[in-house]
Amino acid sequence: QVQLVESGGGSVQVGGDLKLACVPATPRFPNRCVAWFRQAPGNEREGVAVISTTGGGPWYADPLQGRFTISADNAKTTVYLQMNNLQPEDTAVYYCAAGSRCNLNPSAFTVWGQGTQVTVSS
């Protein structure tokens, strides 16, 4: 049973923008912290951004701060990742995850979506 569902991925040219969305399969997120991670083929999963649905954050991976923005709607039923000025190195499967602590370590998160592909071509 899928607990989180991502959407909004696709293929864009260098410099393009995409906005991803993550929604829980349950009425609300199962944990207060919702994060975005990404994983390219052959690479480790890396943290992108995290936000607390009860207040707090957002927090970003240092290299991505300024280009990526994480946010939640007022009802805290959707978490977004706005990605601007995309580069080829941003190509990856992007996952949302929920956990009890707001950090960027994949091992701290126990609830995951299936991912959405983002492909950036030069």
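Checking each residue in the stretch 17-28 for being more than 15 Å from Ile70 (Cβ to Cβ) and surrounded by 16 or more Cβ atoms within 10 Å (Cβ to Cβ) picks out only Pro24.
Going by what's in this entry, would Ala92 be described as aliphatic (A, V, I, L, M) and either farther than 21 Å from Ser122 by Cβ or open to solvent by 60 Å² or more (accessible area, probe 1.4 Å) (or both)?
Values: aliphatic (A, V, I, L, M): yes; either farther than 21 Å from Ser122 by Cβ or open to solvent by 60 Å² or more (accessible area, probe 1.4 Å) (or both): no.
When the stated conditions are applied, Ala92 does not pass them.
Just so you know, in the stretch 74-120 the residues that are in contact with a strand residue (DSSP E or B) (Cβ under 9 Å, 6 or more places away or on another chain) and in a helix (DSSP H, G or I) include one that is nearest to Gly9 (Cα to Cα), and it is Asp90.
Against the test of being out of contact with any Lys or Arg (no Cβ under 8 Å at 6 or more places or on another chain) and open to solvent by 50 Å² or more (accessible area, probe 1.4 Å), the options Ser71, Ser122 yield a single qualifying residue, Ser122. Of the residues in the stretch 43-55, not one is open to solvent by 20 Å² or more (accessible area, probe 1.4 Å), within 15 Å of the chain's Cα centre (by Cα) and among the small types (Gly, Ala, Ser). Just wondering, is there one or more residues in the stretch 44-59 that are within 15 Å of Val5 (Cβ to Cβ) and not in a strand (DSSP E or B)? Within the stretch 44-59 (the criterion being within 15 Å of Val5 (Cβ to Cβ) and not in a strand (DSSP E or B)), the answer is no, since none of the residues qualifies.
The values are calculated or read from the model by the stated rules, or taken from the named source; none is laboratory data. Treat the numbers as computed from the prediction; the structure is a model and nothing was measured. Using ideal geometry, Cβ is built from the backbone for each residue, glycine included, and neighbour counts are taken over all protein chains shown. SASA here: full protein model, heavy atoms, side chains in, ligands and nucleic acids out. Shrake-Rupley method; radii C 1.70, N 1.55, O 1.52, S 1.80 Å.
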